[in-house]
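Data first, discussion second: the structure below is written as structure tokens.
The values are calculated or read from the model by the stated rules, or taken from the named source; none is laboratory data. All of these numbers come straight from a predicted model, not from anything done at the bench. With ideal geometry, Cβ positions are generated from the backbone for all residues, glycine too; neighbour counts draw on all protein chains shown.
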């Protein structure tokens, strides 16, 4: 979990590849990518089913926050929470690079890769861009949950390189 362009998708893909785990990118199910109405409600039902099916497995990686989707269930089922705190200026650079180079990204950022959106820049600047208080408070209630806090892309790379898994 972390803010926009903090490295969530890349980190999840690297961990999934390293340990041969299924990776769920929650942005792929973003309900706000479809118009309001029955389509959006159906999309919300889909993501909750996919999340429940995923967390029933022995091991998995779920990337994204979306605190309104089975958040407590995900936190209860997880054994490790990787929380990314990349500085906003680095996240903005990543966003700009993604837009300029037309890099294909998961979920909503896939739209951003085609068109630069100033509203997304303002969102990243004005907000913490992730509900860190909610995440921390929920994590404290999950006694078996190890929380790993990473503050730079170098720390993320070191974590992925040194990560181990027990099944």
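Does residue 109 satisfy the criteria of being within 22 Å of residue 62 (Cα to Cα), modelled with pLDDT of 85 or more and surrounded by 10 or more Cβ atoms within 10 Å (Cβ to Cβ)?
On the way: within 22 Å of residue 62 (Cα to Cα): yes; modelled with pLDDT of 85 or more: no; surrounded by 10 or more Cβ atoms within 10 Å (Cβ to Cβ): yes.
Considered against the rule, which asks whether it is within 22 Å of residue 62 (Cα to Cα), modelled with pLDDT of 85 or more and surrounded by 10 or more Cβ atoms within 10 Å (Cβ to Cβ), residue 109 comes out as no.
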Output the number of residues of region 81-106 satisfying the condition of being surrounded by fewer than 13 Cβ atoms within 10 Å (Cβ to Cβ) and either in contact (Cβ under 8 Å) with a residue 60 or more places away in the chain or at positive phi (or both). 1
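From the list 58, 53, 41, pick out the single residue that is surrounded by 12 or more Cβ atoms within 10 Å (Cβ to Cβ), over 21 Å from residue 3 (Cα atoms) and either within 15 Å of the chain's Cα centre (by Cα) or modelled with pLDDT of 85 or more (or both).
That would be 53, the only listed residue that is surrounded by 12 or more Cβ atoms within 10 Å (Cβ to Cβ), over 21 Å from residue 3 (Cα atoms) and either within 15 Å of the chain's Cα centre (by Cα) or modelled with pLDDT of 85 or more (or both).
Kindly evaluate residue 12 against the criterion of being more than 17 Å from residue 70 (Cα to Cα) and at pLDDT below 90. Outline the logic, then answer.
On the way: more than 17 Å from residue 70 (Cα to Cα): yes; at pLDDT below 90: no.
Criteria not met by residue 12.
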Do you know which residues across region 153-167 are surrounded by 12 or more Cβ atoms within 10 Å (Cβ to Cβ) and at pLDDT 90 or above? 155, 156, 157, 158, 159, 160, 163
Residues in region 137-153 that are closer than 12 Å to residue 78 by Cα and outside any helix (DSSP H, G or I) total 6
